[in-house]
Each structure stands twice: as structure tokens, then as C-alpha cells.
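The values are calculated or read from the model by the stated rules, or taken from the named source; none is laboratory data. What you are looking at is a predicted structure, and each value in this text was computed from that prediction instead of being measured. All Cβ positions, glycine included, derive from the backbone under ideal geometry; neighbour counts span all protein chains shown. Surface accessibility is based on the protein's heavy atoms, side chains included, excluding ligands, DNA and RNA. Shrake-Rupley method; radii C 1.70, N 1.55, O 1.52, S 1.80 Å.
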There are 2 protein chains.
Amino acid sequence: MFVVGSGAKHLEDELKALGAGLIEAEIRKFPDGEKYVRVLGSADEVTVVQSTFRPQDERLVELILLADALRERGVETLKAVVPYFAYSRQDRVTKEGEPVSVRAIMRALAVYYDELYVFDLHNPETLKFFPSKAVNVSPARAIADYFREKLGDGIVLAPDKGARERAKAVAEKLGLEFSHFEKERISPTEVRMTPVDVDVRGKNVLIVDDIISTGGTMVKAANLLREMGAGKVFVAATHGVFAEGAIERVGRAVDELAVTNTIPTPVSRISIVPDILGL
Amino acid sequence: MFVVGSGAKHLEDELKALGAGLIEAEIRKFPDGEKYVRVLGSADEVTVVQSTFRPQDERLVELILLADALRERGVETLKAVVPYFAYSRQDRVTKEGEPVSVRAIMRALAVYYDELYVFDLHNPETLKFFPSKAVNVSPARAIADYFREKLGDGIVLAPDKGARERAKAVAEKLGLEFSHFEKERISPTEVRMTPVDVDVRGKNVLIVDDIISTGGTMVKAANLLREMGAGKVFVAATHGVFAEGAIERVGRAVDELAVTNTIPTPVSRISIVPDILGL
């Protein structure tokens with residue numbers, strides 16, 4: 001059975017439509033700002049679905065409160081599906097005195113949850129901070145299904161070497177060629193991008209990344225591909241953590257921008273709900 | 001050494017003035033809303049001071065992130081002083097399916113903290129949910145010191161029987177008489193209040209409670225005391241969780257309203273900082 005948190009309300013209808021059993025939850029705030037939650041059912045095994053986009057901290061606390069309520073009702077196995085995992089980019093100490101924030105959050109969730117499922121975590125190695133079963137789910141199935149027809153016999157590209165495995169996974173689902181952009185700093189403010197070992201002329205191209213925030217890299221890559229004679233240029237990402245104006249900026253530069261619905265945005269057209277049900 | 005969180009910034013100057021050793025902390029938000037913290041020093045033993053008033057959840061996450069940063073820097077003993085403890089009023093399951101929210105928060109803090117100090121917790125029994133040393137600090141010293149001269153040979157009253165121990169503790173510090181109001185429901189919407197076994201005529205009175213939110217009870221009690229011929233009427237509380245307009249409403253009904261600085265408000269004139277340093 002599933003419980004849907006405030007950060008997964010946008011997935012609820014599709015979960016139901018695909019046959020998920022749902023336990024209703026009441027979630028609201030007291031006048032002083034404290035969250036109030038209540039679960040209106042129980043089961044031996046319950047999966048709480050809660051994406052932790054803004055306001056992140058409220059959604060994290062909600063995850064903990066829902067878990068306490070479910071344990072109180074006797075739930076034995078408690079799983080958390082956190083499609084977008086807040087603090088995942090704070091994954092290392094860059095300056096002395098910083099926390100490894102993603103570790104702190106995972107440890108707090110581990111107080112109640114037996115299993116943790118996240119989608120396309122920024123640094124999958126950080127799953128080790130969750131002391132029991134923790135799984136990083138790939139968005140490749142969802143992204144490939146969405147772009148299969150539009151892309152035809154195109155090419156899948158990663159915006160940088162670090163994103164190559166994700167592009168590869170999508171390309172393999174589609175039976176297509178893949179590569180990545182090499183980034184080279186040519187001045188303190190300028191980076192040259194070059195697609196490696198691949199001929200994009202006349203080909204549709206899909207650029208795939210984990211997170212789009214400002215979208216600067218995507219716009220640059222798209223413009224470059226146009227100059228090189230590519231056909232249609234599509235951009236996909238797992239998490240649409242868009243900064244102000246980013247959707248418009250990237251949208252203008254490409255034929256289509258689409259992200260998954262780990263975070264609800266105007267371009268979250270790629271659904272990961274089937275993957276949640278397959279866990 | 002102390003680290004001051006965003007919810008204790010208003011205590012920082014006094015902590016310094018009273019000689020506390022402070023480790024500076026950088027606390028801000030990323031553009032996407034995630035908190036960033038960094039501690040600019042370390043020690044074997046560190047006390048993080050963080051009151052968790054609104055926005056409660058952000059301050060709770062900050063407590064956890066600061067703790068992770070401090071452990072990363074090698075701190076051995078980590079103490080949390082949480083003057084106002086969010087979710088403390090959600091201390092029991094009233095309707096099936098609710099969490100014991102205060103338990104959930106205490107268990108999350110226990111991942112990192114060895115000791116927990118709170119002020120005048122709504123239900124002190126809930127400290128048992130913190131698995132190691134947890135202490136409920138009384139506000140009696142602070143409240144008594146503040147009102148000693150104003151009150152003279154007055155009387156200390158609790159607004160209801162449940163608040164009697166707090167009134168007693170304040171009265172004992174002052175060497176004064178104390179009592180409480182009996183509440184009796186005389187209709188579905190009306191409650192009669194009567195001060196028990198005490199003659200307030202010509203006496204200054206201090207009413208003491210743990211939390212003031214709407215202030216309705218305090219206004220009612222104050223008006224009643226005036227009718228009964230009391231001298232000056234003062235109202236004190238530990239935590240000023242004031243609803244909109246409550247400060248003005250109570251302020252108009254009494255000679256002085258003052259609360260401690262566990263939460264910063266325009267009437268937080270009673271300082272608990274000496275008590276923090278005495279822990």
C-alpha cells in the first residue's frame with residue numbers, strides 16, 4: 001500500500017490509475033506553522049512516496065511524521081520513495097566546516113525507514129549513508145519511452161563526461177548511438193564544448209542530464225548542435241530544478257524540453273510513476 | 001564552545017556578553033531553497049543553541065546539518081539546547097493515525113546529539129523519546145528575577161491546575177504565595193474561572209503559563225482579577241507563540257505582559273541566557 005505526501009500529490013492520480021493501493025493521508029498545517037499529518041489506514045508493508053522539492057525541509061519533516069504515524073499503527077516494513085532527494089548536491093565537504101548534508105538527511109530518514117528508493121541521485125555513492133537497503137532508480141526507461149518516436153534514428157548526448165552513463169542507458173533502451181560533450185576552459189569565463197567522436201549532421205539529437213537549474217549548459221550545447229547541422233534538438237533531464245526563467249530560456253533554444261515528474265513543472269511530461277510501481 | 005543557529009541569533013550578543021565561547025557559523029540558503037551551513041571552528045565538546053520557532057522545519061534541518069558538520073570536524077560530545085521545541089504540543093495520538101510528532105523529532109535529533117536541553121517542555125514526559133540525556137530546564141529563575149520588584153508581596157497564579165507546578169516554582173523563588181484557577185464549563189461556549197483558596201484583594205498578581213497563543217485565557221483571568229479587586233496584574237509565559245493580535249489583546253488587559261526569549265517577540269524581555277550558560 002502507498003501513502004502519498006504533499007510532494008507527490010501530482011503523482012497520485014496516475015498511481016491510482018495504474019492500480020496502486022492508496023492509504024489516504026490528511027496533511028495540513030497548524031496556525032503556528034507546524035505540520036499535522038494523519039494516516040487513514042494501515043498495512044504490514046507501506047511505501048511513502050514523497051518528493052522533496054521546495055519547501056524541502058517541510059517535506060522532509062513530513063516524511064518523518066508520516067513514518068511515525070505508520071509505525072504507531074503497526075506497519076512492519078516501511079519504504080520511502082523519494083523521487084527528488086533534497087540536499088543530494090551537498091554530497092561532499094568542499095570547504096572545511098561544511099556538513100555532508102545528504103548524509104545527514106539519509107541518517108535522519110533511516111530512523112524510521114527500512115528501505116529508500118531515489119531517482120537518479122546526483123551522487124549515487126552517497127546511498128551508502130543510508131544504513132539499510134537503498135536503491136538509485138534510473139530514469140532511462142521513462143526518458144527513452146517519451147522520446148522514442150520524436151528522436152527516430154537520432155543520437156543521445158550527455159552534456160559532459162560525468163553524465164555519460166545516463167545518456168548511454170537511454171541510448172541503449174532506444175538502440176541508438178550515444179556520446180558526450182568534452183568541456184574545455186578557454187578563458188576564465190568561457191568554456192568550449194565539443195561533441196566527441198560523433199557526427200550530428202542531419203541527425204536528431206537528445207541531450208540528457210540529471211538536473212537542469214539555470215539551463216546555461218543546455219542552451220550552449222543546443223546552439224552548438226544547430227551550428228553543426230543537427231536536425232531537431234531535444235533536451236531531457238530527470239529533475240527540473242529550474243531557476244527563474246530557465247524553462248523559457250532552454251525552451252527557446254531547442255525543439256522540445258521535457259523533464260520527468262520527480263518535480264512538478266510545466267514541462268514535467270515524462271512520468272516515472274510506472275517505475276515506482278515496479279519497485 | 002557554542003554554535004548559534006538562526007533560531008538563536010537573538011541570544012548571541014548576550015551569550016557573548018556573559019562570556020560564552022562562540023564558534024562562528026555561516027548559515028544561508030541556496031537559490032533552490034536548500035540550507036547551507038558551515039562551522040568555522042571546532043572543539044571536543046560543542047553545544048548548538050537553536051530555538052525551533054517558525055519556520056520550524058527549516059530550523060530543525062539546520063540543527064541536523066550543523067551537527068553533521070561538527071561531527072565531521074571531530075567534535076566528540078555534541079549537545080543541543082533547543083529553548084523552544086517545535087512539535088512539543090503534538091505529544092499524543094488523539095485520533096487514530098496521528099503520529100507522536102515530538103517523538104519523531106526527538107528521534108531524528110538523537111542521530112547526532114548526545115544531550116538535549118529544552119525549556120519548559122509542554123509535556124516533560126516526552127523527553128523519554130530522546131534516548132540519551134535529556135533535560136527540561138525551568139524558566140522559574142528567569143521569570144522570578146524579572147518580576148521580583150514589580151510584584152512585591154503579591155501572589156503567583158497558574159491559569160489552570162496543569163500549570164500549577166510552574167507557578168509554584170516561580171512563587172518559591174520569590175518567597176510568595178501561589179495558587180491556580182479552577183476552570184468549570186458552565187455552557188458549551190463558556191468557562192467559569194475561579195482562583196482557588198486565595199484572596200487577591202489589593203494584591204499584585206502574576207499569572208504564569210508555558211505558552212501564550214491566542215491569549216484568551218489570560219485576558220479572561222486578568223479581567224476577573226480586576227473585578228475581584230486585585231492590584232497590578234502581570235502575565236508571564238515561557239514561550240510567546242503569539243497568534244495575530246494576541247500581544248495587543250493581552251497587553252491591553254494587563255499591567256505588563258512579558259515572556260522569555262526562547263522565541264523572539266516584542267515582549268520577550270525575560271532572558272534565559274544565564275540558564276543556558278549554567279547548563
Report task. Please list, ordered by first then second residue, the pairs with beta carbon atoms under 7 Å, 6 or more apart or interchain, first in the stretch B:229-251 and hydroxyl-bearing (S, T, Y), second assigned to a loop (DSSP other than H, G, I, E, B). Result -> B:T238/B:D120; B:T238/B:P139; B:T238/B:T262
Query raised in the report: Is it fair to say B:R185 is assigned to a strand (DSSP E or B) and either charged (D, E, K, R) or outside the structural domain of B:V254 (by TED's automatic domain parsing) (or both)?
Result: yes
Query raised in the report: How many residues does the stretch A:145-159 contain that are open to solvent by less than 10 Å² (accessible area, probe 1.4 Å) and out of contact with any strand residue (DSSP E or B) (no Cβ under 9 Å at 6 or more places or on another chain)?
Result: 0
Query raised in the report: Right, B:F130: within 30 Å of A:I23 (Cα to Cα), crowded, with 21+ Cβ neighbours inside 10 Å and more than 8 Å from every other protein chain (Cβ to nearest Cβ) or not?
Result: yes
Requested in this report: Check the stretch B:135-143 and report whether any residue there is more than 16 Å from B:A236 (Cα to Cα) and open to solvent by 60 Å² or more (accessible area, probe 1.4 Å).
Outcome: no
**Report entry** Hits in the stretch A:136-175 - residues which are more than 22 Å from A:G240 (Cβ to Cβ) and assigned to a strand (DSSP E or B)
**Finding:** A:I155
Report summary line: Residue hits (the stretch A:16-35; of a type in the set (G, A, S) and either out of contact with any helix residue (DSSP H, G or I) (no Cβ under 7 Å at 6 or more places or on another chain) or closer than 14 Å to A:A67 by Cα (or both)) are A:A17, A:G19, A:G21, A:A25
Report task. Kindly provide the set of residues from the stretch A:232-252 that are more than 17 Å from A:A158 (Cα to Cα), small (G, A, S) and buried (at least 19 other Cβ atoms within 10 Å of the Cβ), ordered by number. Result -> A:A246
Requested in this report: From the list A:V191, A:V170, pick out the single residue that is under 19 Å from A:I212 (Cα atoms) and buried (at least 20 other Cβ atoms within 10 Å of the Cβ).
Outcome: A:V170
Query raised in the report: Do you know which residues across the stretch A:36-68 are without any contact (Cβ under 8 Å) to a residue 40 or more places away in the chain, assigned to a helix (DSSP H, G or I) and not charged (D, E, K, R)?
Result: A:Q56, A:V61, A:L65
Query raised in the report: Out of the stretch B:80-112, which residues are buried (at least 24 other Cβ atoms within 10 Å of the Cβ) and part of a loop (DSSP other than H, G, I, E, B)?
Result: B:P83, B:Y84, B:F85, B:A86, B:Y87, B:S88, B:Q90, B:P99
**Report entry** Count - residues of the stretch B:70-79 that are of a type outside the set (V, I, T) and either surrounded by 24 or more Cβ atoms within 10 Å (Cβ to Cβ) or more than 9 Å from every other protein chain (Cβ to nearest Cβ) (or both)
**Finding:** 5
Requested in this report: Mind counting the residues in the stretch A:80-103 that are closer than 12 Å to B:E72 by Cα and either within 7 Å of another protein chain (Cβ to nearest Cβ) or basic (K, R) (or both)?
Outcome: 9
